[in-house]
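The values are calculated or read from the model by the stated rules, or taken from the named source; none is laboratory data. Being a predicted model, the structure only gives us computed values, none of them experimental. When we count neighbours, we look across all protein chains shown, and the Cβ atoms used for this are built from the backbone with ideal geometry, even at glycine. Just so you know, the surface numbers come from the protein's heavy atoms only, side chains and all, with ligands and any DNA or RNA stripped out. Shrake-Rupley method; radii C 1.70, N 1.55, O 1.52, S 1.80 Å.
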Amino acid sequence: MDCHVDDDKIVLKKNGKSFYWAGKFLNKESINRAAELYSFCRNLDDIADGGKFNSLKDLSKIRSNIKKKTFADLEKNYSIKYPKFLNISSKKVVLDLIDGLILDQKSILFKKEEELIRYSYHVAGTVGIMMCDALKCNNDLAKSFAIDLGIAMQLTNIARDVLEDAKMGRRYLPGTWIQNISPKEIVLAAKTNDLKKIHMISKGIKKLLILAEQYYLSGEKGFTFLPFNTRVAISVASGVYREIGVQLENKNYNWQCGRQVTSIYTKIKITLFKIVKEIFYFRFLKKHNSELHIFLENLVNDK
């Protein structure tokens, strides 16, 4: 067995608990390819968030290597294995992902929803496209739905990590939603229990999760392109991740009280529900809602 496969699965198990849980429904080839993709993206993310002074320089070099297709240099210099199943057409998507990670090296203060959606495409919608390649789903329409599922998960991720991101000088919530409260003010509000600002941030998170739900609903429509076991796996992963937002809602969007985690009991409950749903719910092929990609002009080509 390729030692890289075992290493990739270890990375997935340690850092991608929701995806590792859902991966139990995938066949051996699919889980290996999904783990390889996760490990690739995780390695890039670790470089971006490693706190090293040269993160921006390293990401720029990696981007240049991929653009030139000098993949051997990635493994030699950065211990990054470029997934073999990513074809030539995937190169732009990988570059889009790295562009998002490069953006994270700067101070993030999004002003409008447009910036939020474009960023979410870069760091997560791209992963949805690549996951289609990993699962051998090459339909272009399917990839439009996969982008939406990736965006939905990223919006949930942002909702969960508002305080942690603020401590790193990042505010992904659009300023127009929360009266341009700065990251420092977010951290201070949590420390001092500033109810006015806490409530304002909570309203922003609520709006964020309502937006995420639109993308989750669209992403689920794309499950029709997948075989049953794969469909269950992606449905479970989506459901487990979406639950983070549900728990935030149930706790009145109390972002200042720490990150939400999904318990084993909750994962089991969601898994059983998703299995039953995929058995009895007949999915019709539906047209993708292009309005969800209105801010992604020049990034994706909706079919």
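On the given criteria, is LEU97 part of a helix (DSSP H, G or I), among the hydrophobic types (A, V, I, L, M, F, W, C) and open to solvent by 70 Å² or more (accessible area, probe 1.4 Å)?
Judged against the criteria, LEU97 is not a match.
Among the residues of segment 120-133, are any more than 18 Å from ASN254 (Cβ to Cβ) and in contact with a His (Cβ under 7 Å, 6 or more places away or on another chain)?
So far as segment 120-133 goes, no, none of its residues is more than 18 Å from ASN254 (Cβ to Cβ) and in contact with a His (Cβ under 7 Å, 6 or more places away or on another chain).
Which of the numbered conditions does LEU116 fail, given that it passes all the others? Conditions: (1) open to solvent by less than 40 Å² (accessible area, probe 1.4 Å); (2) closer than 21 Å to VAL162 by Cβ; (3) in contact with a Lys or Arg (Cβ under 8 Å, 6 or more places away or on another chain).
(3)
Just wondering, is there one or more residues in segment 175-184 that are open to solvent by 10 Å² or more (accessible area, probe 1.4 Å), under 25 Å from SER18 (Cβ atoms), without any contact (Cβ under 8 Å) to a residue 40 or more places away in the chain and not charged (D, E, K, R)?
no
Kindly provide the set of residues from segment 145-170 that are over 11 Å from the mean Cα position of the chain (by Cα), in a helix (DSSP H, G or I) and under 14 Å from LEU116 (Cβ atoms), ordered by number.
The answer is ALA159, VAL162, ASP165.
Under 9 Å between Cβ atoms, which residue pairs at least 6 apart in sequence (or on different chains) link something in segment 271-294 that is under 15 Å from VAL232 (Cβ atoms) with a partner that is open to solvent by less than 100 Å² (accessible area, probe 1.4 Å) and of a type in the set (Lys, Arg)?
Once the first residue is under 15 Å from VAL232 (Cβ atoms) and sits in segment 271-294, its partners that are open to solvent by less than 100 Å² (accessible area, probe 1.4 Å) and of a type in the set (Lys, Arg) give GLU278/ARG231; ARG283/LYS221; ARG283/ARG231.
Name every residue in segment 275-299 that is modelled with pLDDT under 95, of a type in the set (A, V, I, L, M) and outside any loop (DSSP other than H, G, I, E, B), in order of residue number.
Matches in segment 275-299: ILE275, VAL276, ILE279.
Being charged (D, E, K, R) and either touching a residue at least 40 places away in the same chain (Cβ under 8 Å) or not in a helix (DSSP H, G or I) (or both) is the filter here; which residues of segment 204-237 pass it?
If the condition is that a residue be charged (D, E, K, R) and either touching a residue at least 40 places away in the same chain (Cβ under 8 Å) or not in a helix (DSSP H, G or I) (or both), then LYS206, GLU213, GLU220, LYS221, ARG231 are the ones that fit.
Scan segment 237-256 residue by residue and report those that are in contact with a helix residue (DSSP H, G or I) (Cβ under 9 Å, 6 or more places away or on another chain) and open to solvent by 20 Å² or more (accessible area, probe 1.4 Å).
TYR241, ARG242, GLU243, VAL246, GLN247, GLU249, LYS251, ASN252, TYR253, ASN254, GLN256
To keep it simple, each residue is scored yes or no on (1) over 30 Å from GLY204 (Cβ atoms); (2) open to solvent by less than 30 Å² (accessible area, probe 1.4 Å); (3) under 17 Å from the mean Cα position of the chain (by Cα).
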{"site": "ASN27", "(1), (2), (3)": "yes, no, no"}
{"site": "ILE31", "(1), (2), (3)": "yes, yes, no"}
{"site": "CYS41", "(1), (2), (3)": "no, yes, yes"}
{"site": "ASN54", "(1), (2), (3)": "yes, no, no"}
{"site": "PHE110", "(1), (2), (3)": "no, yes, no"}
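Based on what the data block shows, is ALA134 out of contact with any Asp or Glu (no Cβ under 6 Å at 6 or more places or on another chain), more than 20 Å from ARG170 (Cα to Cα) and free of Cβ contacts under 8 Å to residues at least 12 places away in the same chain?
Taking the combined requirement at face value, the residue does not satisfy it.
With among the hydroxyl-bearing types (Ser, Thr, Tyr), out of contact with any strand residue (DSSP E or B) (no Cβ under 7 Å at 6 or more places or on another chain) and at pLDDT 95 or above as the only criterion, which of TYR241, TYR172, TYR215 stands out?
The conditions single out TYR215.
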